[in-house]
Amino acid sequence: MSKRLVLGTVLAAVLAAAGLGTYFVSDGRAREGKGSKGPPPVPVVVAAADQRTVPIRLRAIGNVEAFQTVSIKARVDGQIVEVKFREGQAVAKGEVLFRIDPRPYQSTLRQAEANALRDAAARDQARSQAKRYQELLDKNFISKEAYAQIRTNAETAEATAKASRAALENARLNLEYCTISSPLDGFVGKVLLQAGNLVKANDVASLVIINQVKPIYVNFAVPEQVLPEVRKHMASGPVTVEVVPPDAGTERIGGRLIFVDNAVDPSTGTIRLRAEFANTEAALWPGQFVNVSVRLYDQADAITIPSTAVQTGPEGQYVYVIGPDSLAEIRKVTVQRADTDFAIIATGLAKGERVVTRGQLRLGPKTRVQIAKPAAEPS
């Protein structure tokens, strides 16, 4: 019995040992197979570095200003009897805006016409008399003193007739001033005095304000460091300026730079510029704020990538470059100029190299990536 017990114990130990060995071998193989699989690739969106001619621009925020602004005021006293326009409408040069009661000025004109006729008749009579007395003086029929008096009377009558003509012209002008017309093509604002109100000549308050918007100005400021470059390109030819109206559906509007201020603002370190636009469709309106782009020149053979690819770290700017093996590489770059949509790379990249534009947060050196298609933009 004791031998059988010992033999059974040894056999159980051998079997247990064999089973345990099998367990460890199987587990090790499983672990080895799991480790060789590795982490899944990181999905990213990439873009190829492009080499092309790029327009070099200055960007700023501009304020739209009317080409001309006129405050309409009355030039005679009276009552407004008619307003001939609607608020906000377009008016043409010479179009009637207001009418002031003309009756008092019509009466004054008729009186001035009568006075002018009377004084003209007196002048003609005095001239005729002076001519006759000249003949009598030549024949020594009258004294020189008598002729001098007649001559004085004729000159006085001449002066009186001129004064009457001036009064007549003034009366005609006052009657014309009763009709107020637009001095330019533009858009009227709010009517500040309605029909029925009394107005005074050259009063402080305006009747209405007219803004000319075709053409129109856009004022903006740029840093003083770019002033020499701006002046150099203005001297060599017209400098193109584009603006983007607040309406997102409106295309860019082109104009030209026409003015550089004569001094830099020391409080901001900027220089004021002005551009002129034809504004034929009246897309720009006085008082609006718009995005301004000044095109200085075109840079040929520039290496460009999307601005979203450029990252900033402790050691400067860098991008993730994806090689043929689908592994990410950190590459330091020098950005010559950054725009809203793209960046011009001075050093660090060559044409055709692929850079990551989306998905950089999960990347590191030698990270395996899977290139995904960019999401379709909404139409």
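I'd like to verify a number: residues in the range 120-149 that are among the hydrophobic types (A, V, I, L, M, F, W, C), part of a helix (DSSP H, G or I) and in contact with a helix residue (DSSP H, G or I) (Cβ under 6 Å, 6 or more places away or on another chain), how many?
Qualifying residue count, the range 120-149: 5.
If A278 passes every condition in (1) open to solvent by less than 60 Å² (accessible area, probe 1.4 Å); (2) among the small types (G, A, S); (3) closer than 21 Å to F220 by Cα but one, which one does it miss?
Unmet condition: (1).
Could you please let me know if T152 is at pLDDT below 95, out of contact with any helix residue (DSSP H, G or I) (no Cβ under 6 Å at 6 or more places or on another chain), closer than 29 Å to Q111 by Cα and of a type in the set (V, I, T)?
Criteria met by T152.
One line per residue, one yes/no per condition, for (1) modelled with pLDDT of 95 or more; (2) open to solvent by 50 Å² or more (accessible area, probe 1.4 Å):
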position: N197; (1), (2): no, yes
position: S206; (1), (2): no, no
position: I210; (1), (2): yes, no
position: A221; (1), (2): yes, no
position: Q225; (1), (2): no, yes
position: V230; (1), (2): no, no
position: H233; (1), (2): no, no
position: E242; (1), (2): no, no
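Answer with yes or no whether R118 is among the basic types (K, R), closer than 18 Å to S181 by Cβ and open to solvent by 30 Å² or more (accessible area, probe 1.4 Å).
no
Answer yes if at least one residue in the range 88-110 is part of a strand (DSSP E or B), closer than 20 Å to S206 by Cβ and touching a Pro at 6+ places or on another chain (Cβ under 9 Å), and no otherwise.
Within the range 88-110 (the criterion being part of a strand (DSSP E or B), closer than 20 Å to S206 by Cβ and touching a Pro at 6+ places or on another chain (Cβ under 9 Å)), the answer is no, since none of the residues qualifies.
For the range 317-339, enumerate the residues that are open to solvent by 30 Å² or more (accessible area, probe 1.4 Å), of a type in the set (G, A, S) and part of a strand (DSSP E or B).
A338
Hey, among the residues in the range 37-53 that are open to solvent by less than 60 Å² (accessible area, probe 1.4 Å) and outside any strand (DSSP E or B), which one's nearest to T340 (Cα to Cα)?
Looking at residues that are open to solvent by less than 60 Å² (accessible area, probe 1.4 Å) and outside any strand (DSSP E or B), I get A49.
I'm told A283 meets every condition in (1) buried (at least 16 other Cβ atoms within 10 Å of the Cβ); (2) more than 16 Å from V226 (Cβ to Cβ); (3) within 10 Å of the chain's Cα centre (by Cα) except one. Can you identify the failing condition by its number?
Checking A283 against (1) buried (at least 16 other Cβ atoms within 10 Å of the Cβ); (2) more than 16 Å from V226 (Cβ to Cβ); (3) within 10 Å of the chain's Cα centre (by Cα), the one that fails is (3).
Mind listing whichever residues of the range 259-290 are among the hydrophobic types (A, V, I, L, M, F, W, C) and under 20 Å from D185 (Cβ atoms)?
F277, A278, A282, A283, L284, W285
Which pairs turn up if I take residues in the range 268-286 that are at positive phi and look for partners that are among the hydrophobic types (A, V, I, L, M, F, W, C) with beta carbon separation below 7 Å, at least 6 apart in sequence or on another chain?
If the second residue must be among the hydrophobic types (A, V, I, L, M, F, W, C), the pairs left are N279/V213; N279/I216; A282/V213.
Name the residue, out of L184, L192, L173, that is out of contact with any helix residue (DSSP H, G or I) (no Cβ under 9 Å at 6 or more places or on another chain), in a loop (DSSP other than H, G, I, E, B), closer than 20 Å to L97 by Cα and open to solvent by 60 Å² or more (accessible area, probe 1.4 Å).
Matching residue, one of L184, L192, L173: L192.
Only residues that are within 17 Å of K232 (Cα to Cα), within 13 Å of the chain's Cα centre (by Cα) and open to solvent by less than 60 Å² (accessible area, probe 1.4 Å): list them for the range 251-272, please.
L257
Can you pull out every residue in the range 188-204 that is out of contact with any Phe, Trp or Tyr (no Cβ under 9 Å at 6 or more places or on another chain) and touching a residue at least 40 places away in the same chain (Cβ under 8 Å)?
G189, K190, Q194, G196, N197, L198, K200, N202, D203
Among I80, I56, which is out of contact with any Ser or Thr (no Cβ under 8 Å at 6 or more places or on another chain), more than 30 Å from A221 (Cα to Cα), surrounded by 17 or more Cβ atoms within 10 Å (Cβ to Cβ) and touching a residue at least 40 places away in the same chain (Cβ under 8 Å)?
Of I80, I56, the one residue that is out of contact with any Ser or Thr (no Cβ under 8 Å at 6 or more places or on another chain), more than 30 Å from A221 (Cα to Cα), surrounded by 17 or more Cβ atoms within 10 Å (Cβ to Cβ) and touching a residue at least 40 places away in the same chain (Cβ under 8 Å) is I80.
The values are calculated or read from the model by the stated rules, or taken from the named source; none is laboratory data. Since we're looking at a predicted model, the values are computed, not measured. We place every Cβ from the backbone using ideal geometry, glycine too, and count neighbours over all the protein chains shown. We work out accessible area using only protein heavy atoms, side chains counted, and drop any ligands, DNA or RNA first. Shrake-Rupley method; radii C 1.70, N 1.55, O 1.52, S 1.80 Å.
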